[in-house]
Amino acid sequence: MCNLYSLTKGQQAIRDLTAAMLDRTGNLQPQPGIFPDYMAPVVRNQPEGRELTLARWGMPSPVFALKGRNSDPGVTNVRNTTSPHWRRWLGIENRCVVPFTSFSEPELQPDGSRPPAWFAFDNSRPLAVFAGIWCRWTSVRKVREGETTNDLFAFLTTDPNQEVGLIHPKAMPVILRTREEIDVWMTAPTPEALQLQRPLPDGSLSIVARGEKQDGL
């Protein structure tokens, strides 16, 4: 699963691609390595229009996954959208898009190590977004923090296309490339929006780096 991605384009590019009317991120710096539980930009629906804001990566875990645990670090990738746990957040009010410029999957090496292989559309790493969901949730993310209330997000996954499948045969993120696809995800009825939960066409992605934990800027 994708547990590390990068965003190196500025907030104006994000606003242009997603039609975000409001920007709550302040001075948004490049994030060459975004890990689970990091704060990262998302664009979500709000009564005043689409809003670019920051949220914490990792949606609430299902109850069964919390058995015997005293904290919930969250779920970063969502695959089974028929699950009642996830269905409650598939409405328009809880959909978001997650900007990125590249994402990584662990690549198994002969010595058993799994350094990341970084995927992007080409070496220029153009901006795109993951199809995501978000919620506001009160929980214990880390024991030392105690109970906190956070805006949380995760993005959907699907079957891998050819390039990703060679490295990670189980899944890839659901990626939206155009304003039209973003508009469908953000505004369409749920059955129509979920038609976007499909792999990119084969040949869409390239491996642009290996073995590093972040993109070059």
Restricting the search to segment 166-182, which residues are part of a helix (DSSP H, G or I) and either in contact with an Asp or Glu (Cβ under 7 Å, 6 or more places away or on another chain) or over 18 Å from Glu107 (Cα atoms) (or both)?
Ile167, Arg179, Glu180, Glu181, Ile182
Any idea which of (1) crowded, with 19+ Cβ neighbours inside 10 Å; (2) of a type in the set (S, T, N, Q); (3) closer than 19 Å to Thr149 by Cα is the one Ser71 doesn't satisfy?
(1)
Output the residues belonging to segment 1-50 that are without any contact (Cβ under 8 Å) to a residue 12 or more places away in the chain and not acidic (Asp, Glu).
Gln12, Gly26, Asn27, Gln29, Pro47
Count, please, the residues in segment 117-146 that happen to be among the small types (Gly, Ala, Ser), within 27 Å of Trp86 (Cβ to Cβ) and in contact with a strand residue (DSSP E or B) (Cβ under 6 Å, 6 or more places away or on another chain).
3
Can you spot a residue in segment 150-165 that is at pLDDT 95 or above, within 16 Å of Gly58 (Cβ to Cβ), touching a helix residue (DSSP H, G or I) at 6+ places or on another chain (Cβ under 6 Å) and in a strand (DSSP E or B)?
no
Residues that are of a type outside the set (D, E, K, R), under 21 Å from Gln195 (Cα atoms), surrounded by 19 or more Cβ atoms within 10 Å (Cβ to Cβ) and at pLDDT 95 or above: does segment 101-124 have at least one?
no
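The values are calculated or read from the model by the stated rules, or taken from the named source; none is laboratory data. Note that this is a predicted model, so its numbers are computed, not measured. Cβ coordinates were reconstructed from backbone atoms using ideal geometry, including for glycine residues, and neighbour counts include every protein chain displayed.
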